[in-house]
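> To start, I am sharing the structure in question, which I have written as structure tokens.
The values are calculated or read from the model by the stated rules, or taken from the named source; none is laboratory data. Because the structure is a prediction, the values reported are computed rather than measured. Areas reflect the complete protein model, heavy atoms only, side chains present, ligands, DNA and RNA absent. Shrake-Rupley method; radii C 1.70, N 1.55, O 1.52, S 1.80 Å.
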Amino acid sequence: MRKIIFHAGFHKTGTTSLQQTLRANRRALAPDVRLILRPGMTALCEAARGFSRSRDDVDLGLVKYEAALLAQSLAKEPAPTIVIASEDLCGHMPGRHSIRSYGAAPHLMRALSVAFKAALAQSELTFFFTTRAPDAWLRSCYAQHLRASRMVLDEHDYRRRFKASANLDVILDDIKRELPDHALIDASLEEHADRPLGPADAVLDLLGINEGQRATFTAAAVANAAPSAALMAALLELNRSGLEKSALREAKQALIKERA
């Protein structure tokens, strides 16, 4: 029976490093493992992000449609295991577009399940999530918002407003209720960060890749390292400035490069 593993999130839990490590070792994983990352399912990821904003049934239908297309494209895939990885499958990160939580994620995971079971009925689906301690997760999310959006809240106000979004265990429980027939596995960043391949080792555990094989793998560099307090303060000041969008983006890019 073919195995399909969805690594659908969460944001800021080592997902970028995990994906880069898997990508760097794609050839070593073949032919037993087929890896699909965001560039191989852009339409599905965008549909998931769209639903997380609208929570509209029409947009959820689009998610199912794009998931079905992806599943159908894999019908003749010879690899016995497929890993599908992108945090965008959970929608937007809380804090974007007035989104306060991962409340859309259970519906999105259910949509993936329905579409894949319809197209690949003999496949075994596993849903895998990386998590992070609430305080560290909130700080990392806040830093990302400072870099990538016009976040104007200071960190104290951000934490106060979005504290509930950091309770990832509650979302996992909600997802499990939507997926009673599938395995749901989670692994914390804190537990795996110091392993040789970081959080990617948690996926390799699921794949049954032995230590001898892993010894030949390349570890990706840590991605999206946390900015210093001084850089975060400078980014906040820019976000609160009157710069228009393109000028703000250029100013932040120059500042980050200068402080690198």
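> Would you compute, from DSSP H runs of 4+ residues alone, the mean residue ellipticity of the chain at 222 nm, taking -39500 (n - 2.57) per run and dividing by the full residue count, rounded to the nearest 500? Let's see the in-between values first.
On the way: 13 runs with 135 residues, N = 260.
When only DSSP H runs of four or more count, the value is -15500 deg cm²/dmol.
> What's the center-to-center distance, using Cα atoms, between segment 215-260 and segment 133-149 in Å?
Centre-to-centre distance over Cα atoms comes out at 12 Å.
> A further question on this structure: Roughly how much of residue 194 is accessible, in Å² to the nearest 10, using a 1.4 Å probe?
150
> Roughly how many percent of the accessible protein surface of segment 1-49 is carbon and sulfur, given a 1.4 Å probe and a whole-percent answer? Display every interim value, and only then the final one.
Numbers: 1010 of 2010 Å².
Percent of accessible area from carbon and sulfur atoms in segment 1-49: 50.
> Number of Lys pairs in the chain with C-alpha atoms less than 23 angstrom apart, excluding same-chain neighbours closer than eight positions?
15
> Running Debye on segment 141-180 with equal point scatterers at the Cα sites and no solvent, what base-10 log of I(q)/I(0) appears at q = 0.29 Å⁻¹?
The calculated log intensity ratios at q = 0.29 Å⁻¹ are -0.92.
> Over the chain, what is the relative contact order in percent, taking alpha-carbon pairs closer than 8 angstrom and at least six residues apart? Before the final figure, lay out each step's value.
Values: 371 pairs, mean separation 70.5, N = 260.
About 27 percent, as a whole number.
> Which residue, 186, 154, 57, has the most motion in a Gaussian network model of the chain that connects Cα atoms within less than 10 Å?
Fluctuation is largest for 57.
> Averaged per residue, what accessible surface does the chain expose to a 1.4 Å probe, in Å²?
Values: 12680 Å² over 260 residues.
The answer is 49 Å² per residue.
> How much of the accessible area of segment 109-168, probe 1.4 Å, is carbon plus sulfur, in whole percent?
Working: 1270 of 2520 Å².
Within segment 109-168, the accessible surface is 50 percent carbon and sulfur.
> With a 1.4 Å probe and every protein chain kept in, tell me what percent of the accessible surface of segment 196-260 is carbon plus sulfur. Spell out each step's value before the answer.
Numbers: 2170 of 3890 Å².
It is 56 percent, rounded to a whole number.
> Starting at the first residue of segment 68-75, write each ³J(HN,Hα) from the Karplus equation 6.51 cos²θ - 1.76 cosθ + 1.60 with θ = phi - 60°, in whole Hz, x for Gly and Pro.
5, 4, 5, 4, 4, 5, 9, 4
> Out of these labelled values of Rg and Dmax of the Cα atoms in Å, (i) 18.2, 62; (ii) 17.9, 54; (iii) 18.8, 57, which was calculated from the coordinates shown here?
Read-out taken from this structure: (iii).
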